[in-house]
Each structure stands twice: as structure tokens, then as C-alpha cells.
1. Hey, in the GNM for the chain with a 10 angstrom Cα cutoff, which one of 377, 106, 14 fluctuates hardest?
2. What's the extension gain from residue 68 to residue 320 if we count 0.36 nm per residue and subtract their Cα-Cα distance?
3. Subtracting the Cα-Cα distance from 0.36 nm times the residue separation, let me have the gained length for residue 41 to residue 373 in nm, one decimal.
4. I'd like the distance separating the alpha-carbon centroids of the stretch 99-151 and the stretch 13-37, in whole Å.
5. Quick one: ranking 31, 286 by accessible area, 1.4 Å probe, largest first, what do you get?
6. What are the extents of the Cα atoms of the chain along their three principal axes, listed from largest to smallest and rounded to whole Å?
7. In whole percent, how big is the carbon plus sulfur part of the accessible area of the stretch 153-277, probe 1.4 Å, protein atoms only?
8. Taking only protein heavy atoms and a 1.4 Å probe, what accessible area per residue, in Å², does the stretch 226-329 have with all protein chains in place?
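The values are calculated or read from the model by the stated rules, or taken from the named source; none is laboratory data. Treat the numbers as computed from the prediction; the structure is a model and nothing was measured. Don't worry about glycine lacking a Cβ; one is built from the backbone with ideal geometry, like all the others, and counts go over all protein chains shown. These area figures cover heavy atoms from the full protein model, side chains too; ligands, DNA and RNA do not enter into them. Shrake-Rupley method; radii C 1.70, N 1.55, O 1.52, S 1.80 Å.
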Amino acid sequence: MAIVKPFMGVRYNLEKVLLKQVVAPPYDVISDEMKETLKGRCAANVVRLDLPDGDGDSKYQNAAHLYENWKKDGTLLRDKEQGYYLYEQIYNFGGKEYVRTGFVGLLKLEELGKGSVFPHEKTLSGPKKDRFELMKACQTNFSQIFGLYMDKENKLSSAFTNAKKNMPVASAVDDEGVKNTIWQITDSKVIEEIENFMKDKAIYIADGHHRYETALDYKKFRREQNGDLEGNIKPYDFVMMMFVNFYDEGLKIFPTHRVVEISKDFSLETFIEKIGKNYEVHELASYEAADKFLNTKGPARNFAVFTGEKFIGLTLRDEVLETLHPIYRKVDPYVVQETLIKPGTGISDEQILRKEGIYFLQTMEQIKALMAKKPALAFMMKGVDIEVVREISESGLVMPQKSTYFYPKLQTGLVINDL
């Protein structure tokens, strides 16, 4: 049973800062260059808390001191009423405007896959240690995990529509041109409606697997540290999460292409010979042709390789597809990794896990920028279907890392949860 509850969030004092200058994307998509840009916008940008400066573990204490100072000097204020935070994102995709709506609340933590919370990606120890040390020092959720629930009838839509009739408490357009707006829901009847509605829902983690597992570790750490009794509920038994309906029309999953470094003596002919037993090979005239090839409807499993000079279309042979796990056959990143990247380039599972010589990118602009710096091959695919994410989650299996890129990204700094 999913236990969801409201909270009194900590938010920026908009009389002291401009929200657009203090919010930031999720920590794991922020490059060193982007971090410096965000810091330069405002001395109070949330990136200074979520990705703090400092040597070694001292950076976590730096974040804790900074956070306390901002609360003391009024840069950050705690809301006086408990509530949920309705979160709307308006963006353009393919020439059409989309609206994605969800709400931010607290979810009672439970072991993944053993109750009502399901993952779909592998996690790594390094990011979890980093997030744990930050949480331990600051005792705070600076960003919300992205969770999905199923509601084909869209039963919460009227509650959301009514909430949007009120004045929002914050709004900002981010660097991607996405308008991010939040409203606070404090009406006790609506709070109870949401709480009761979510009780029988399964929660699928879309983004934030490392943060969820970190929250579990932190909960265990604090309960042992404080000698909490079994039934004695504490703030660290919960984690802040954004809840979005699986069937929300604004929910998009973009592909994450793989770009693999190659040696100077790389031979395209040898590469094609290696993967020829798995794939039928086609020449493609342009990026537009490759995009059309990738998104051709039908049973064929099509992928594309960009060499830096030309595009090559690849259709997986049926007999190869049938050798894969029935569920993994539907997961393009897995299929590409196992039947194309590894046999074609020789890269190992360990190298992929450590991200050695492999990059995960979303756009042709990013791919070409990387290829201008080093010789590489780009392996291109279409986005994973949302129903496949659900199926993988419920099966207890996980996808390769960076298999899904949910767009738009949730902004950090709109609301913070103290533990």
C-alpha cells in the first residue's frame, strides 16, 4: 500500500530572489560547465546545495552550513501549512504544446519490488554514496524523485483543475523553455482525497533510483542511530516525490543514444562484418532518413549508426531477437547493447557500467560536438515505450543504465523537504 502524505515545504523567498535564477536541473545531468553557469546566475542558486563545492567530504558540510544560513537570513522560508504541491510543466515538442501535471508529496519508504514501489534501472555505488553523505549532512531532500502511478480514468483531474484556479505560489521558465509552475494544495478535503486515492496505487520510479535507494539507507541509518521503535514513524521514513499519471498526455520518454569511442585504426568494414550476422545493413542518405528509418512502424527492430560522416541503418534479424529474454526484446537499449555495441566494438560490461569510453546523449547536436573532439560511433534508437517501463518494473528486471530520458526534467529548488 502506498502511503502518501502532505508536508510543509521549504521554498525560496521570492521577495529576495528571482526563481528563474535559483532553480536547476537534476544533479546528474549538470556538467561542470553548467554548474558554473548556474552559480554565476545567483549566489543562492540551489546547485550550491545539491552539488556543493569543497574538497572531499568537506563539501557536504559546506552545503549544510549554507542551507542553514539561507534559512536563517530568509532566503528560504518554510511554509506554514501542510499541503501537496501541484506541479505543472508546459513545453513544446514536435511543434505542439504539451502540459504535464503531477503533484509533489511525501511517500513512505519501502523496499523496492517488495511492496508497491518498483524500479526499472540499475544503480551504482558511487552516486549513492555521494547522495547519502549529502543527505546525512543536510538532513534534507533538495530534489523530488519522479514517480508514476496508473489512473486511466484520470480521477484526480478535477482536483488539479480546481487547484489551478488559484494563484500559483511559484513559476519559472527553465533553460529548455519549459514553464514550471506550482500551486499549494492545503484544502483538507482535497488532501484526504489524494491520500485515499493513492493508497492502492503501485508507484513506478521514472527518475531518481539512486536517491530512492539513498533514502532507504538514510532511513536505516537514522533509525539505528536514534534507537527508534518499530511503529514509531519519523520524518526520515518518507521521501519527497513528484507523482505523475502514467497516462498523462504530457509524459514523454526521449531516446538516449550511445556513443562509443573507437581507435584510430578502426575499420568500418570490419565492424559491419562483425555485426552482419545479427543485422541486415542499409545505407541511409541523411539524418532525416535515419530518423524515419528508426521510427518506421511495424515489427522490424530498426537502429542506426552514425560514423561522423554517414548513417547506416540496421535491422535486427528475427532469429537473433528470439534468442533474447521475452521482455528484454522490447527494450531497445538492451537489444542495442547486447547485439550491436558489445559484439561490434568489443566494449565490456564493466566499461559500460563505469562509463569508460561510452557516452549517453539525447541529440544530434550533442553527438556531433563529441565526435568533433574524439573518434567515435553513435548508436541511435527510439525512446522506450512507457508500457515497457511498467512491464520491466513489475517483472523485477532492470534496464541498462540511462535507458530512459523522461522529458521535461523536474527542476530542483521549487520545493525542498526537511527530514
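1. In the Gaussian network model the winner is 14.
2. Result: 85.0 nm gained on full extension.
3. Contour length minus the Cα-Cα distance gives 116.7 nm.
4. Each part's Cα centre sits 20 Å from the other's.
5. 31, 286
6. Cα extents, longest axis first: 66, 48, 46 Å.
7. Ligands and nucleic acids excluded, carbon and sulfur give 47 percent.
8. So the stretch 226-329 comes to 55 Å² accessible per residue, rounded to a whole number.
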